[in-house]
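Colleague: Below you will find the structure I want to go over with you.
The values are calculated or read from the model by the stated rules, or taken from the named source; none is laboratory data. Treat the numbers as computed from the prediction; the structure is a model and nothing was measured. Cβ placement follows ideal geometry from the backbone for every residue including glycine, while neighbour counts extend to all protein chains displayed.
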Ligand code: ZN
């Protein structure tokens, strides 16, 4: 495997913000049982139970539990990014008031249903992401993980892709306000479009999204040509993957794009969206990752950005995969990956009626050669070469030699 080089700007940029010079304190994760009060509807793929299941699995494998007493984001905080008019409409709908033109705001259609408490759910999830950012930046935590966050599709005045409020953007803006340079890395199967557009014109935030190719998946964006605009030109990186991308293709792409770009940009903090709809058997996407590929990315941040990364949740529609991946992510953050069993606890596997031969918590080594695997491998190689020749020079990123896997 490639050796990751340390970021080169550990010096004084974060200066007085760290609470201790003795190194970062242990990580935290943020979750509240309050999330279970909300429901997108019986046929909607985003099920709140995935968060509760994650929390349950973490408990069953004896890892430390969550911080539950965080505050919802305030109207003012949401207003750092979102249009006031849109927030008002969201609030009115949330309280069951009659609103005539909500369709104009992406609301009420299949993806973004209107249900009681949508504003409260979104502001609580965003509050978790802000609390996580604060825990790292002001609280000196090694990292913090807001599992209900990562709603990366919402736009300033419009709901999109199950997302009403864009918590990554709001959290990043709270940090940018302090004069910090932020990098955002998004490994969800869907392009992190809302975050990319929010920072498309600025060189203060570098966005990197690794995702399934837009020609084959919502939201259809995230092509190599989306590189930023005006002052932001060169500060949006996209690595699209063709369907049937597996662990090896993903890890090779990750290693050749994310570390060199982050080292060159030298951010103060990295905000990471840990969507898990890249896994095999996700009902909404067509990539074939296992926990191996997912954990590879998490491990990089754990090893290279201690005290300087903030993790958010994201997509993931196979609820068992969500619970497995985020439990493993939490274990990696704690340095306890090897203490977690390979198999799911029997109690949970029985409850979920998982067949006996599929009860893995950590996936065994798997080689899945889907129909489009050849194309996925070839296209990823081409895309990486294009990024290396077009975006890397201006960013000052060094090309990483490809290691044959
Ligand atoms: Zn997604």
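Colleague: Restricting attention to region 214-259, report how many residues are part of a strand (DSSP E or B) and within 30 Å of residue 365 (Cβ to Cβ).
Modeller: So the count comes out to 6.
Colleague: OK, next. If you go through region 169-177 one residue at a time, do you hit one that is buried (at least 24 other Cβ atoms within 10 Å of the Cβ) and in a loop (DSSP other than H, G, I, E, B)?
Modeller: The answer is no, given that none of the residues of region 169-177 is buried (at least 24 other Cβ atoms within 10 Å of the Cβ) and in a loop (DSSP other than H, G, I, E, B).
Colleague: Return the pairs, sorted by first residue and then second, in which the second residue is more than 14 Å from the ligand (Cβ to nearest atom) and part of a helix (DSSP H, G or I), the first residue lies in region 314-330 and is free of Cβ contacts under 8 Å to residues at least 40 places away in the same chain, the beta carbons are less than 8 Å apart, and the residues are 6+ apart or on different chains.
Modeller: 328/291; 328/295; 328/298; 328/337
Colleague: Follow-up. Check whether at least one residue in region 181-190 is surrounded by fewer than 24 Cβ atoms within 10 Å (Cβ to Cβ) and either without any contact (Cβ under 8 Å) to a residue 60 or more places away in the chain or within 13 Å of the ligand (Cβ to nearest atom) (or both), and report yes or no.
Modeller: Looking for residues that are surrounded by fewer than 24 Cβ atoms within 10 Å (Cβ to Cβ) and either without any contact (Cβ under 8 Å) to a residue 60 or more places away in the chain or within 13 Å of the ligand (Cβ to nearest atom) (or both), one finds none in region 181-190, hence no.
Colleague: Report, by residue number, each residue of region 283-313 that is more than 24 Å from residue 182 (Cα to Cα), in contact with a helix residue (DSSP H, G or I) (Cβ under 7 Å, 6 or more places away or on another chain) and in contact (Cβ under 8 Å) with a residue 60 or more places away in the chain.
Modeller: Scanning region 283-313 gives 290, 291, 292.
Colleague: Of all residues in region 134-153 being under 15 Å from residue 124 (Cβ atoms) and touching a strand residue (DSSP E or B) at 6+ places or on another chain (Cβ under 7 Å), which is farthest from the ligand (Cβ to nearest atom)?
Modeller: The qualifying residue farthest from the ligand (Cβ to nearest atom) is 146.
Colleague: Among the residues of region 205-233 satisfying the criterion of being surrounded by fewer than 17 Cβ atoms within 10 Å (Cβ to Cβ) and touching a helix residue (DSSP H, G or I) at 6+ places or on another chain (Cβ under 7 Å), which is farthest from residue 389 (Cα to Cα)?
Modeller: Result: 219.
Colleague: Another question, if that's okay. For residue 175, which of the numbered conditions (1) under 16 Å from the mean Cα position of the chain (by Cα); (2) under 15 Å from residue 80 (Cβ atoms) fails to hold?
Modeller: Residue 175 satisfies every listed condition except (1).
Colleague: I've got another one for you. Against the condition assigned to a loop (DSSP other than H, G, I, E, B) and without any contact (Cβ under 8 Å) to a residue 12 or more places away in the chain, how does residue 108 come out, does it pass?
Modeller: Spelling it out, residue 108 is indeed assigned to a loop (DSSP other than H, G, I, E, B) and without any contact (Cβ under 8 Å) to a residue 12 or more places away in the chain.
Colleague: Given the options 254, 250, name the one that is within 15 Å of the ligand (Cβ to nearest atom) and in contact with a helix residue (DSSP H, G or I) (Cβ under 7 Å, 6 or more places away or on another chain).
Modeller: Unique residue meeting the criteria: 250.
Colleague: How do the helices (runs of 4 or more DSSP H) wholly within region 285-404 filter down when requiring 2 or more residues that are under 24 Å from the mean Cα position of the chain (by Cα), within 16 Å of the ligand (Cβ to nearest atom) and modelled with pLDDT of 95 or more: which remain?
Modeller: Where helices (runs of 4 or more DSSP H) fall fully within region 285-404 and carry at least 2 residues being under 24 Å from the mean Cα position of the chain (by Cα), within 16 Å of the ligand (Cβ to nearest atom) and modelled with pLDDT of 95 or more, they are 291-304, 319-334.
Colleague: Looking only at region 191-203, which residues are more than 11 Å from the ligand (Cβ to nearest atom) and closer than 18 Å to residue 262 by Cα?
Modeller: Answer for region 191-203, where residues must be more than 11 Å from the ligand (Cβ to nearest atom) and closer than 18 Å to residue 262 by Cα: 195, 196, 199, 200, 202, 203.
Colleague: Which residues, taken from region 83-105, are surrounded by 14 or more Cβ atoms within 10 Å (Cβ to Cβ), free of Cβ contacts under 8 Å to residues at least 12 places away in the same chain and either assigned to a loop (DSSP other than H, G, I, E, B) or touching a strand residue (DSSP E or B) at 6+ places or on another chain (Cβ under 7 Å) (or both)?
Modeller: Scanning region 83-105 gives a single hit, 99.
Colleague: Has region 343-358 got at least one residue that is crowded, with 20+ Cβ neighbours inside 10 Å, in contact (Cβ under 8 Å) with a residue 40 or more places away in the chain and out of contact with any helix residue (DSSP H, G or I) (no Cβ under 6 Å at 6 or more places or on another chain)?
Modeller: yes
Colleague: Given the condition touching a strand residue (DSSP E or B) at 6+ places or on another chain (Cβ under 8 Å), in contact (Cβ under 8 Å) with a residue 12 or more places away in the chain, away from the ligand (no atom under 15 Å from the Cβ) and part of a helix (DSSP H, G or I), answer yes or no: does some residue in region 204-213 qualify?
Modeller: No, there is no match, as no residue in region 204-213 is touching a strand residue (DSSP E or B) at 6+ places or on another chain (Cβ under 8 Å), in contact (Cβ under 8 Å) with a residue 12 or more places away in the chain, away from the ligand (no atom under 15 Å from the Cβ) and part of a helix (DSSP H, G or I).
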